[in-house]
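Some notes on the structure that comes next.
The values are calculated or read from the model by the stated rules, or taken from the named source; none is laboratory data. Predicted, not measured: the structure shown is a model, and the values here were computed from it. For neighbour counting, all protein chains shown are included, and Cβ atoms are generated from backbone atoms with ideal geometry for every residue, glycine included.
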Amino acid sequence: MKKKILAVLIGGFIGGGLREAIEMALATPTFPWATLVINLTGAFMLSFLNYKINTRWAMPPAVATGLTTGIVGSYTTYSTLILENNQLIINHHIGLALLYLVVSFGGGLLATILGMRVGGKHV
């Protein structure tokens, strides 16, 4: 149990750092590109890792949890997506807000399928 907590802490440090680097690189005042890219790549990574860990890679549970919950969990963010969507609505960009949600969730589903396929599962 303590190993899993440590693995999540280390993974959270890595994932949070990656997320902030992408936020800084892709920051724009007009559309939340950074969060969109982060959540879509995170959906791909989580799907890929989950499939590989459960079907192909033998690893200790703490390492698996550190990779998925730690790195990917701290890398992605649903709460930021909602906050940014609220800001688009507050600023009267209803069309962009709807587009952001559709691309985030639809793209997330496609990224999940792609992650499993790249991982080796035929979906």
Starting from residues that are among the hydrophobic types (A, V, I, L, M, F, W, C) and over 20 Å from Val118 (Cα atoms), keep the ones in the range 43-80 and report whichever is nearest to the chain's Cα centre (by Cα). Val63
Count of residues meeting criterion [touching a helix residue (DSSP H, G or I) at 6+ places or on another chain (Cβ under 6 Å) and either polar (S, T, N, Q) or at pLDDT 95 or above (or both)] in the range 76-87: 3
Asn85 versus (1) surrounded by fewer than 16 Cβ atoms within 10 Å (Cβ to Cβ); (2) touching a Leu at 6+ places or on another chain (Cβ under 7 Å): which is the lone unmet condition? (1)
Test: residue in the range 49-60 that is of a type outside the set (A, V, I, L, M, F, W, C), buried (at least 20 other Cβ atoms within 10 Å of the Cβ) and touching a Leu at 6+ places or on another chain (Cβ under 9 Å): no
Evaluation of Val72 against (1) free of Cβ contacts under 8 Å to residues at least 24 places away in the same chain; (2) aliphatic (A, V, I, L, M); (3) part of a helix (DSSP H, G or I) (one fails), failing number: (1)
Being at pLDDT 95 or above, small (Gly, Ala, Ser) and closer than 28 Å to Leu6 by Cβ is the requirement here; does Gly66 meet it? yes
Out of (1) surrounded by fewer than 19 Cβ atoms within 10 Å (Cβ to Cβ); (2) at pLDDT 95 or above, the odd one out for Gly120 is which? (2)
Determine which single condition Val37 fails, assuming it passes every other condition in (1) over 23 Å from Gly12 (Cα atoms); (2) surrounded by 12 or more Cβ atoms within 10 Å (Cβ to Cβ). (1)
Out of Met59, Met24, I need the residue that is assigned to a loop (DSSP other than H, G, I, E, B) and of a type outside the set (Phe, Trp, Tyr). Which one? Met59
Just for the range 90-104: of the residues that are surrounded by 13 or more Cβ atoms within 10 Å (Cβ to Cβ) and without any contact (Cβ under 8 Å) to a residue 60 or more places away in the chain, which one is farthest from the chain's Cα centre (by Cα)? His93
Residue list for the range 34-69, filter: over 30 Å from Tyr100 (Cβ atoms), free of Cβ contacts under 8 Å to residues at least 24 places away in the same chain and among the small types (Gly, Ala, Ser): Ala58, Ala64
